[in-house]
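Here you go, one structure.
The values are calculated or read from the model by the stated rules, or taken from the named source; none is laboratory data. For clarity, every value in this text was computed on a predicted model and none was experimentally measured. Quick note on the areas: whole protein, heavy atoms, side chains included, nothing else; ligands and nucleic acids left out. Shrake-Rupley method; radii C 1.70, N 1.55, O 1.52, S 1.80 Å.
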Amino acid sequence: MSANEKRWVDWGGESTSPLIDESLRAGLAVLWRAYICAQDTGANVWDFALRTGRLYETGMTSSDLRWMVAKGFAEHGEETSGYGDPHRSFRRSNGYFFNNQTCLILTPSGAALAEHVFRETHRSPQATLSALAAGETAVLGSAQRAAYETSTPAMSAPNPSWDGTRRELSLAGLIVKRFRVPARNQETILIVFEEEGWVEHIHDPLPVTHDIDAPTRLHDAINRLNRCQINPLLRFHGDGKGTGVFWELRQPEMLG
């Protein structure tokens with residue numbers, strides 16, 4: 001038996017291990033998507049490394065992460081990047097201690113494991129991610145229906161979050177959009193929404209220029225915010241007058 005065949009047999013055994021439950025599959029899906037994105041763009045996989053907090057939000061535990069590292073399916077390091085750096089940088093570690101700055105990537109073995117896991121379960125990693133998002137939306141919908149029937153306050157929907165340092169827009173821990181190059185108009189809109197606590201509507205926050213009319217520029221920025229979302233969970237739209245921006249959650253049927 002060749003080394004590659006032996007590794008494949010090992011992966012087959014791991015994929016049916018009781019350790020690989022739904023929570024670990026969800027985290028594996030997120031890590032694998034980051035790995036695939038890095039491969040697709042030709043970037044270093046460390047530029048797509050995910051923080052432990054993001055993985056915990058999928059349901060993974062610190063024991064899951066340590067298992068992945070011990071098995072050689074993942075590597076981790078503490079991020080040392082600064083704003084404006086052309087690439088992310090890390091202080092690598094071979095141990096099993098994680099903090100809020102710790103980020104993980106899949107190794108080639110981990111990516112092969114993920115491919116095997118999702119092939120065996122006949123479920124794509126994107127379907128797993130969509131199920132996570134749809135599940136949260138379903139919980140909110142149930143709470144709202146119960147509130148209507150019992151006349152009790154409904155559970156409030158999660159607000160998006162804009163991290164200006166990392167230049168990432170997220171919702172409930174899922175990355176919606178990540179900017180790799182400057183996008184001043186889009187980022188300005190997100191900054192104002194964040195400062196205003198993600199109110200439903202804001203007035204046009206873009207600075208006045210004389211080379212393009214304001215409604216056209218705002219319309220273009222809104223369209224770009226809706227494009228290329230990593231997880232298409234948010235929709236931005238104008239107010240019909242070219243003077244403001246609204247945001248809303250996409251409907252559950254649009255998440256798949």
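In whole Hz, with x marking every Gly and Pro, tabulate ³J(HN,Hα) for the range 27-43 from phi via Karplus 6.51 cos²θ - 1.76 cosθ + 1.60, θ = phi - 60°.
Per residue, the Karplus-derived 3J(HN,Hα) values read x, 5, 4, 5, 5, 5, 4, 4, 4, 5, 4, 5, 4, 5, 8, x, 7 Hz.
Moving on to the next point. Probe radius 1.4 Å, ligands and nucleic acids ignored: give me the carbon and sulfur share of the accessible area of the range 14-102 as a rounded percent. If you can, show how the numbers build up before the last one.
Numbers: 2250 of 4580 Å².
Here carbon and sulfur together make up 49 percent of the probe-accessible area.
So, one more: W32 accessible area, nearest 10 Å², 1.4 Å probe?
40 Å²
Turning to a different aspect of this structure: In sequence order, what are the phi-derived ³J(HN,Hα) couplings for the range 105-117 according to the Karplus relation 6.51 cos²θ - 1.76 cosθ + 1.60 with θ = phi - 60°, rounded to whole Hz, with x for glycine and proline?
In residue order, the calculated couplings are 10, 7, 7, x, 5, x, 5, 5, 4, 4, 4, 5, 4 Hz.
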